[in-house]
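The block underneath contains the structure these notes are about, expressed in structure tokens.
Read-outs: derived from the displayed coordinates by stated rules, not from any lab. Only a predicted model underlies this, so the values are computations on that prediction, with no experimental measurement involved. All Cβ positions, glycine included, derive from the backbone under ideal geometry; neighbour counts span all protein chains shown.
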Amino acid sequence: MEPLKQVAALAYVEAPGSPLVLLVTTRGRGRWTIPKGWPKSKLADAETAAREAFEEGGVGGEVSTSPLGTYDYTKRLHTFSWVRCQVTVYPLRVDRQFLAWPEKASRTVVWVSADKAVKLVRERHLVELLRAFAGREPTLPAKIANDL
């Protein structure tokens, strides 16, 4: 079966030494991840990713239309129901953090270096994207690497 499509935002701010990335907890199991959700028919995927960053993490900024990459994971829908998802990740340079946002009560947010995020996140393919982001490896699209 083909994986279902999701979109995500890798929200970041520049900091001395290396950028900080935003991690949020999942609602069900409280694991660290990045804001993500289902595509919306009336929005471009990058815009949807930015919306998820606001709804889940309370941040806003400039989202790139060039994705960093994709990763696969298994999403738990119910106690006995799982589905494979492929997530396209868009970088979002954060320029504001709100005091209130829709999912504030159901999630914890934290700003950490990309290196620390690698240690907190359990989804193996997301870890690979975070490593590439931390090292500014040439796998990043040129426009994004130049923006960083």
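A compact table of results
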| quantity | calculated |
| --- | --- |
| Entry for Rg/Rh (Cα atoms, Kirkwood Rh) (calculated from the structure that is shown) out of (i) 0.96; (ii) 0.94; (iii) 1.20 | (ii) |
| Sequence-separation-based contact order of the chain, relative, with Cα cut under 8 Å and 6+ spacing, percent | 30 |
| Difference of contour (0.36 nm per residue) and Cα-Cα distance, ALA105 to THR25 | 27.7 nm |
| Neighbourhood net charge (15 Å Cβ-Cβ; Lys/Arg +1, Asp/Glu -1) for LYS36 | +3 |
| Simple Cβ-charge dipole of segment 4-147, Lys/Arg +1 and Asp/Glu -1, about Cα centre, in debye nearest 20 | 580 |
| Whether segment 1-63 is rounded, prolate or oblate, judged on the alpha carbon gyration tensor where a/c under 1.5 counts as rounded | oblate |
| Summed residue charge, Cβ within 15 Å of ARG27's Cβ, Lys/Arg positive, Asp/Glu negative | +3 |
| Protection-proxy order for peptides 102-114, 7-19, each taking the mean of Cβ atoms within 10 Å per residue, highest first | 7-19, 102-114 |
| Lysine pairs within segment 1-138, Cα separation less than 30 Å, 8 or more sequence positions apart or different chains | 20 |
| Sites ASP72 and LEU43, calculated FRET efficiency, Cβ-Cβ separation with R0 25 Å, nearest 0.05 | 0.65 |
